[in-house]
1. Under 7 Å between Cβ atoms, at least 6 apart or on separate chains: pull out the pairs that start in region 135-162 with a residue that is without any contact (Cβ under 8 Å) to a residue 12 or more places away in the chain and end on any residue that is part of a strand (DSSP E or B) and surrounded by 23 or more Cβ atoms within 10 Å (Cβ to Cβ).
2. Just to verify a result, which residue in region 163-220, among those that are part of a helix (DSSP H, G or I) and of a type in the set (D, E), is nearest to G143 (Cα to Cα)?
3. Taking into account only those residues within region 1-53 that are among the acidic types (D, E), under 21 Å from L93 (Cβ atoms) and part of a loop (DSSP other than H, G, I, E, B), which is least open to solvent (accessible area, probe 1.4 Å)?
4. Out of P57, P50, P24, which single residue is within 23 Å of R159 (Cα to Cα) and either touching a Leu at 6+ places or on another chain (Cβ under 6 Å) or at pLDDT 90 or above (or both)?
5. For region 311-334, name all the residues that are open to solvent by less than 30 Å² (accessible area, probe 1.4 Å) and part of a helix (DSSP H, G or I).
6. Quick one: count up the residues across region 191-242 that are among the aliphatic types (A, V, I, L, M) and in contact with a Cys (Cβ under 8 Å, 6 or more places away or on another chain).
7. Mind counting the residues in region 182-221 that are surrounded by fewer than 20 Cβ atoms within 10 Å (Cβ to Cβ) and within 16 Å of the chain's Cα centre (by Cα)?
8. Do we have V89 as farther than 16 Å from A179 by Cβ, touching a helix residue (DSSP H, G or I) at 6+ places or on another chain (Cβ under 9 Å) and in a strand (DSSP E or B) here?
Amino acid sequence: MLAEGFSDDPRHGKTLRGVLRYRPEEVVAVLDSRRAGETEGGVPVVGDVPAAVRFRPTTAVVGVATQGGRFPPAWRELLKDSIRAGLDVENGLHEFIADDEELSGLASQHGVELRDLRRPPPGLDCPTGANLEVPARIVLTVGSDCAIGKMTVALELDRAARARGLGSAFVPTGQTGIAIAGWGIAVDAVVSDFLAGAAERLVVEAHERGGELLFVEGQGSLVHPAYSGVSLGLLHGSVPHELVLCHLAGTTEVDGYPGHPLPSLAELVELHERASLPRRRATVACVALNTRLLGEDDARAAVAAAEAETGLPTDDPVRFGSDRLLDALVRQMQ
């Protein structure tokens, strides 16, 4: 996992953290020269590619999600070192490495593959209505902000549903989800006219893969000054029956945008339900609270406060488990 400069950053290192949590058996090393000799999630942190090669990796995965999806300047040498070491490279940023003449030429020279996870598949179009015909229950995670755990909540609910024997499927809509699940479409890289169509294709494919209960990974936020467009396209294209509202406890402003206040949880519930597709109105079934900034007692108090404010079942699925949230969703389906 290539995480130079970001391995301990919960926001910009979210791809690293997601893969470590959900595919830990496949990760042999994390690269971050600032922390060489330490461990991250039980995995050794190394300072350079030669040190990583000693663990016999086959692929170098870009484990960061930078603002704007561009590579920091120093990363170019890191990518070239990985290619020269005979490693395939998986990249989830908006900057496509397979389109870079120098990097693609080097990859050809060393017989390795460059995979851009955010590259949209061919043939995307507007929705056809097939999304409304999918014989599955569709749940979308939505949020008050970016990078607060919408993917994690979807994965935790999928994991809990499978443990109960339900025919559940996680539907990846971003680069980290694709790196974890091995399929999907990064909807934030799709031409805006076709975004809802991409979401339709995803729920149709998820059902074809055997899913009867689909947990769609949310993106952005309807109230985000930069990334609201992807949220609305995903909301309309995936046509969810239920929504799970995600929020980072203790935050009051959009991260990185001072002066942009977050609406109350009650306001966010109303907003998302009103913004859902008129043909299939979605309801917020529960609230998933990310309490990572709080101690144990404060976390429990925050969960209770959110539940009192919204009148909806609330919990932190990572800290306290997913059962209460999944119970709320199952009740809605009956």
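The values are calculated or read from the model by the stated rules, or taken from the named source; none is laboratory data. These figures come from a predicted structure and were not determined experimentally. Note: ideal-geometry Cβ built from the backbone for every residue, glycine included; neighbour counts use all protein chains shown. Accessible surface is based on the protein model in full, side chains and every heavy atom, while ligands, DNA and RNA are left aside. Shrake-Rupley method; radii C 1.70, N 1.55, O 1.52, S 1.80 Å.
1. Taking only residues 6 or more apart or on different chains, the pairs are R162/S168.
2. Ranking the candidates gives D188 first.
3. Selected residue: D32.
4. P24
5. Matches in region 311-334: L325, L326, A328, L329.
6. Residues meeting the conditions: 1.
7. Qualifying residue count for the region: 2.
8. Values: farther than 16 Å from A179 by Cβ: no; touching a helix residue (DSSP H, G or I) at 6+ places or on another chain (Cβ under 9 Å): yes; in a strand (DSSP E or B): yes.
It is false that V89 is farther than 16 Å from A179 by Cβ, touching a helix residue (DSSP H, G or I) at 6+ places or on another chain (Cβ under 9 Å) and in a strand (DSSP E or B).
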